[in-house]
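Below is one structure; the comments refer to it alone.
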Amino acid sequence: MRILEVNDITMRFGGLTAVDHLDLHIDEGEILGLIGPNGAGKSTAFNCIAGVHTPSEGEIRFCGEVINRQKPWTLCKKGLARTFQIVKPFATKSVLYNVMVGAFATTDKTEKAREKALTVLDTLNFTDKKDMKAGNLTIADRKRLEIARALATDPRLLLLDEVMAGLRPAEVDEVVGVIQHIRQQGVTIFVIEHIMRAVMALSDRIVVIHFGNKIAEGTPKEVASDENVIKAYLGAEYGIS
Ligand code: ADP
Ligand code: MG
């Protein structure tokens, strides 16, 4: 089943076209990677899908339903969750509290939210830090918290925006493992990632955008050897045959 269809969307900010007639889709159970140079429109595309922006043109469907004008909270309750590139936890509150905020998307019972949050923390090997203040976490753990908060909303489709930026190589490997584990639990994943090694290892398929427009799409191997992609983004050193 097509869990997400993005049909010919354009997003303009005044005179600037951030996303320009973009088409893409994700099948249920897939991990789709989205890559492209800085400013290519990746986060804007996510914001359109997650209901932060209403696209100027085009249509977005989630599980078959047109969702163009729906708000993030409504979409979250329907199973579409995202993380933000800039991580903003409630700094003075505990990790557990922060994750419970996510869990309240699916329940209004505190005890249920707590149970859900504890399950998610366990999945992410995060239980030992549940009582720490979010503001005292390392960058790697803030990223993990951001994933936990989104996961606690019980998504069918999870959008991850550069959750590995700023992490050390060993931490990147760990987050790759976490994302693979989340997929095994039946969550479809759409991931923006700059760290090539990670996005290549994770993705079933990759879409490459440049100036808001798709310039390539295919398996990691196909995309990495695509002339246009190498020119626009990867540089010669990443081209593999
Ligand atoms: P990426 O995530 O690929 O680095 P973005 O989607 O953040 O790119 O940005 C694409 C373009 O849209 C950039 O030129 C950026 O400055 C612009 N842009 C993004 N968000 C806004 C906004 N809310 N208002 C105005 N311009 C924006
Ligand atoms: Mg971005």
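Please compute the Cα-Cα pair-distance distribution of region 108-239 with 10 Å bins starting at 0, giving whole percents from short to long. Answer for region 108-239: a P(r) of 11, 38, 30, 15, 5, 0 percent.
Put a dot 7 Å past the Cα of Gln184, heading toward its Cβ, do the same for Ala170, and the two dots end up 2.2 nm apart. Based on the Cβ-Cβ distance of Glu59 and Ile139, what FRET efficiency does E = 1/(1 + (r/R0)^6) give at R0 = 41 Å, to the nearest 0.05? E(calc), rounded to 0.05, equals 0.65.
Stretching Phe104 away from Phe211 to a fully extended chain increases their span by 34.8 nm, per 0.36 nm per residue minus the current alpha-carbon distance. Note on region 31-68 and region 139-162: Cα centroid distance 17 Å, given to the nearest whole angstrom. With the convex hull of its Cα atoms as the shape, region 2-238 has an orientation-averaged projected area of 12.5 nm².
In the chain, the longest principal axis of the Cα atoms and the axis of helix 169-184 are about 80 degrees apart.
Computed from the coordinates by the stated procedures, all read-outs in this text should not be read as laboratory data. What you see is a predicted model, and the numbers here were worked out from it, not measured in a lab. Ideal geometry is used to build each Cβ from the backbone, glycine not excepted, and the neighbour counts take in all protein chains shown.
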